[in-house]
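Take a look at the structure below.
The values are calculated or read from the model by the stated rules, or taken from the named source; none is laboratory data. Nothing here was measured: the structure is a model prediction, and the numbers come from that model. All Cβ positions, glycine included, derive from the backbone under ideal geometry; neighbour counts span all protein chains shown. The accessibility values were calculated without ligands, DNA or RNA, using every heavy atom of the protein model including side chains. Shrake-Rupley method; radii C 1.70, N 1.55, O 1.52, S 1.80 Å.
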Amino acid sequence: MAQNLPKPALRPFLPQDAHALAEIFQASIEELTSDDYSEAQAAAWASRADDAEAFGARLAKDLTLVATVEGSPVGFASLKGNEQIEMLYVHPAAAGQGVGAMLYDALEKLAAARGAKRLTVDSSDTAEDFFRRRGFQPQRRNTIPVEDEWLANTTMEKRLASNDDEGQRSTPS
């Protein structure tokens, strides 16, 4: 069982985070997805962060938040545009301790503040229950080529309540 962590803090992605976040990405895939993906599939998926600089450049294109404990990264999440959760990964040692939920909640608030009406995610099979618990509904199954492997995921969507929607609900007909 994982040791309880001190309360994580959130901050924006910095270029010097690239190596640590690439390691979190790879460790998360290698250690947390074995019930849903083969060893070959996980290795192909994790290889997307073999080039830490390129991985960091990918994170820099999006709004990426980093969860830290005592200054060290333990997870990260990125929002592409206003509506697409591009990545959400937590180090296995911090899994199940609220880090992913904290990252997700922050992205949802930022998306809503930017005017998003919905959030979408291409969820791994491993993360699908996490997103379902937050109100996401499956839209379609996908099969994507990664290296010489095929990986399945599910596009999921959550409608966000807007201030306009809330005002319409409270207005008598």
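Okay, here's what the table says:
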| item | result |
| --- | --- |
| Å² per residue, accessible surface of the chain at 1.4 Å | 56 Å² |
| Cα gyration tensor category, rounded, prolate or oblate, for the stretch 1-93 with a/c compared to 1.5 | oblate |
| Reachable aspartates and glutamates, given that their alpha-carbon falls under 19 Å from the alpha-carbon of LYS117 and they are not under 8 places away in the same chain | ASP62, GLU83, GLU86, ASP105, GLU108, GLU157, ASP164, ASP165, GLU166 |
| Percent breakdown of C-alpha pair distances by 5 Å bin, ordered from the shortest bin, for the stretch 1-40 | 5, 17, 16, 22, 22, 12, 7 |
| Simple label model, 7 Å out from Cα along Cβ direction - ASP50 to ALA27, nm | 2.1 nm |
| Potential extension, LEU14-GLU149 segment - 0.36 nm per residue separation minus Cα distance | 45.5 nm |
| Equivalent ellipsoid, the stretch 75-147 (semi-axes from 5 times Cα gyration tensor eigenvalues, Å) | 18, 17, 12 |
| Largest-first principal axis extents of the Cα set of the stretch 54-94 (Å) | 29, 20, 15 |
| The chain - percent of accessible surface contributed by carbon and sulfur, probe 1.4 Å | 47 percent |
| Selected from MET87, ALA113, TRP45, residue furthest toward positive end of dipole (the stretch 1-142; charges at beta carbon) | ALA113 |
| Cut-off under 5 Å, modelled amide H: who pairs with GLN84 long-range | THR120 |
| Accessible-area ranking of LYS158, LYS109, largest first, probe 1.4 Å | LYS109, LYS158 |
| Cut-off 18 Å, label 7 Å out along Cα→Cβ of GLU157, residues of the stretch 60-101 by amide N | 80-86 |
| The chain - Kirkwood radius from inverse mean 1/r over Cα pairs (Å) | 16.9 Å |
| Cα-centre dipole for the chain with unit charges at Cβ (Lys and Arg positive, Asp and Glu negative), debye to 20 | 1000 debye |
